[in-house]
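Remarks on the structure that follows.
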Amino acid sequence: MNALKRYLGIVWLALAALTGYFGLFSLGIPKLISDKTDDLVFGIIIVFVLMPIIVGGLVRFGLYALQGEYDD
C-alpha cells in the first residue's frame, strides 16, 4: 500500500504540471491579453489567485507522498 501511495505522489506532481500549463496557456494568458475588461479581471484572478493555490496544493501533496509522510 505504501508503494501505491508513492506512485500516486508522482501522479499528483504530474497533475500539478498539467494544471499549471493548462491554467496559464489556456485560461490565464489569453484572458490577460484580451481587450475586454471582464476577461482581464478573470485572467488576473486565475493567474495570481487560483493557480498558485491549486498547483501549490498538488505539489505539496505529491512531495509528501514521495517522501513517505503518509506511510502510517
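Values in this text are rule-based calculations from the coordinates and carry no lab data. None of the values given here were measured: they were computed from a predicted structure. Glycine gets a Cβ as well: all are built from the backbone with ideal geometry, and neighbour counts include every protein chain shown.
Computed from backbone phi with θ = phi - 60° and the Karplus coefficients 6.51, -1.76 and 1.60, the 3J(HN,Hα) list for region 22-30 is 5, x, 6, 8, 9, 10, x, 5, x Hz; x is used for glycine and proline. Between 0 and 90 degrees, the angle of helix 51-67 with respect to the longest Cα principal axis of the chain falls at about 10 degrees.
Couplings 3J(HN,Hα) for region 5-15, derived from phi with the Karplus relation 6.51 cos²θ - 1.76 cosθ + 1.60 (θ = phi - 60°), are 5, 5, 5, 5, x, 5, 4, 4, 5, 5, 5 Hz, where x marks Gly and Pro.
Taking 0.36 nm per residue of separation and subtracting the current Cα-Cα distance, fully stretching the chain between LEU27 and ILE54 would add 8.3 nm.
Relative contact order of region 2-67, please, whole-number percent, based on alpha carbon pairs below 8 angstrom and at least 6 residues apart. It rounds to 54 percent for region 2-67.
Tell me, THR37, THR19 in order of fewest to most beta-carbon neighbours within 10 Å?
In order of increasing Cβ crowding within 10 Å: THR37, THR19.
So what is the calculated 222 nm ellipticity per residue for the chain, using -39500 (n - 2.57) for each DSSP H run with n of 4 or more, over all residues, to the nearest 500 deg cm²/dmol? Result for the chain: -22500 deg cm²/dmol, rounded to the nearest 500.
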